[in-house]
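Q: Please read through the structure below; I'll follow up with questions.
The values are calculated or read from the model by the stated rules, or taken from the named source; none is laboratory data. Here the structure is a predicted model, which is why all the values come from computation and not from measurement. Ligands, DNA and RNA are excluded from the accessible area calculation, which covers all protein heavy atoms including side chains. Shrake-Rupley method; radii C 1.70, N 1.55, O 1.52, S 1.80 Å.
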Amino acid sequence: MYDITDYKKYFLGIYAPVDFIPVRGHLSRLYDKNGFEVIDFAGGVAVNGLGLTNEVLIDALNEQANKLWHVGNLMTNYPQLDLAKKLVESTDFDKVFLCNCGTEAVEAALKLARRHAIKTYGNQKHHIVSCYRSYHGRTLFSVSAGGQSKYWDGFEPLPGGITHVQFNSLDELEALVNHDTAAVILEPIQAEGGVIPATRAFLAKARELCDKFNCALIFDEVQTGLGRTGSLFAYQEYGIVPDIITLAKSLGGGFPIGAMLCKQLFANGFDFASHGATFGGNPLACAVANKAFDLINTNEIFSGVKDRAEVFMAKLTQINNKLNIYKEIRGKGLLIGAELNDQYKGKASQLIGIGFKHGVAVLNAGADVSRFLPALIIPFEDIEEGMKRLAAALEDFKRINS
Ligand SMILES: *Cc1c(COP(=O)(O)O)cnc(C)c1O
């Protein structure tokens with residue numbers, strides 16, 4: 001059998017997996033080959049919205065696997081038609097592009113917006129305005145749009161025409177968006193950058209400026225989308241509708257799939273052969289995403305997320321009142337961030353390893369914030385039990401760092 005040293009032997013050093021190799025999972029509990037159990041507050045980084053396994057999704061995958069795996073975009077297929085119809089009919093958008101992951105959805109959104117602007121208004125209208133601390137994925141265009149230099153350092157020269165503003169600064173946004181702007185891209189809640197919700201005023205200002213200067217407002221909802229915040233999309237929580245939206249993570253309930261949705265006005269950005277993805281719209285991915293979407297897009301799920309979030313926040317706050325580790329606990333729905341006190345600055349990833357030793361998976365969002373993204377359907381008793389384990393982990397963390 002392998003152990004974690006084999007990982008280091010074969011893989012590039014871009015991840016640092018913990019010393020726990022899961023072999024099976026159910027709802028929000030993971031098990032390794034020896035039966036050691038971990039409660040999953042990390043949710044596969046917001047992918048496992050419906051838990052670690054789901055009978056309906058398994059059946060959908062098996063059924064499709066016995067019929068047709070892949071055809072390519074020379075042909076359409078029924079699962080992708082079903083999915084696109086659902087996405088259009090349940091949202092404010094008119095057209096769909098299917099791909100495989102979040103960064104591909106962002107890449108498509110930026111390319112669509114830029115090409116629409118250039119085609120419609122001329123070459124000078126190509127600027128993209130983004131926010132510092134944002135995270136939009138790892139292709140070169142996506143890291144360049146992202147607002148964190150650690151993700152683009154060493155990869156220069158970067159694509160040009162991208163400028164950043166401070167998140168939630170209305171003044172900076174107002175100063176930068178103009179007739180040459182093709183798109184403003186932002187996360188309604190900056191997730192990877194530290195779980196920082198946008199103010200409604202900031203999103204409203206972005207909407208107003210994009211209307212004024214005929215540029216596309218892109219919301220990257222790869223992490224906040226599909227029920228995570230207690231609505232189908234975070235934009236609905238704010239009541240501000242973008243022109244383009246990107247989705248991935250929990251869209252396929254664990255099966256890789258991404259999507260970019262846009263309003264009709266921007267659809268001319270792509271015409272025949274101007275963009276594409278070999279695996280985009282794959283029948284297996286679409287068959288699973290269809291079911292995942294049906295299961296998530298219900299009031300039971302949305303109110304369940306809000307109920308769970310309340311319990312989660314209350315428990316975490318209670319533990320923190322006793323141990324005093326975090327200076328702020330924030331977020332929306334089941335996208336929760338807890339920022340470490342200054343004395344623990346930079347140590348959010350240390351807590352991950354300690355958590356696993358105590359049987360609970362937590363995530364970080366940058367160096368100073370612990371991030372919690374449990375399944376939307378996490379059983380209440382798993383929140384309870386996970387919090388006991390987290391309290392023990394935090395006590396250890398405190399002792400180690402005292
Ligand atoms: C995860 C994430 C991405 C990138 O998605 P991948 O599937 O890893 O390419 C892009 N934007 C946001 C907001 C994300 O959270």
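Q: At 222 nm, what value in deg cm²/dmol follows for the chain if DSSP H runs of at least 4 each add -39500 (n - 2.57) and the sum is divided by all its residues, to the nearest 500?
A: -12000 deg cm²/dmol
Q: Now, a different point. Determine the order of K332, K9 by accessible area, beginning with the largest, at a probe radius of 1.4 Å.
A: The ordering from most to least exposed comes out as K9, K332.
Q: Find the centroid of the Cα atoms in segment 1-60 and in segment 348-363, then give the distance between the two in whole Å.
A: Between the Cα centre of segment 1-60 and that of segment 348-363, the gap is 14 Å.
Q: Collect residues whose amide H, placed 1.01 Å from N in the peptide plane, falls under 5 Å from the amide H of I189; neighbours closer than 5 in sequence don't count.
A: Here A198 satisfy the definition.
Q: Now, a different point. From the Cα gyration tensor of segment 147-232, with a ≥ b ≥ c the square roots of its eigenvalues, which class applies: rounded if a/c is under 1.5, or else prolate if a/b is larger than b/c, or else oblate?
A: Since a/c reaches 1.5 but b/c is at least a/b, the shape of segment 147-232 is classed as oblate.
Q: Let me have the relative contact order for segment 204-311, percent, based on Cα pairs under 8 Å that are six or more residues apart.
A: RCO, segment 204-311: 27 percent.
Q: Considering only DSSP beta bridges where both residues belong to the chain, give the percentage that are antiparallel (nearest 5).
A: Here the share of antiparallel DSSP bridges comes out near 65 percent.
Q: Relative contact order of the chain: what whole-number percent is it, with Cα pairs under 8 angstrom and at least 6 residues apart?
A: Across the chain, relative contact order equals 23 percent.
Q: Ranked by accessible surface with a 1.4 Å probe, highest first, in what order do I196, I240 come?
A: Per-residue accessible area, sorted high to low, gives I196, I240.
Q: Still on this structure: I'm a student and want to see the number: the projected area of the Cα convex hull of segment 56-106, averaged over all directions, in nm².
A: Answer in nm², one decimal: 4.6.
Q: With a 1.4 Å probe and all protein chains left in place, how much accessible area per residue does the chain have, in Å²?
A: 44
Q: Right, something else. At 1.4 Å probe size, with the rest of the protein present, what percent of the exposed accessible area of the chain is carbon and sulfur atoms?
A: Answer for the chain is 54 percent, counting heavy atoms of protein chains only.
Q: Continuing with this model, one more query. Have a look at the chain and give its Rg and Dmax from the Cα atoms, expressed in angstrom.
A: When restricted to the Cα atoms of the chain, Rg and Dmax are 21.1, 62 Å.
Q: Still on this model: 5 Å is the cut-off here: which amide hydrogens, built 1.01 Å from N in the peptide plane, fall below it relative to A259, excluding neighbours closer than 5 in sequence?
A: Correct list: C99, L247, A248.
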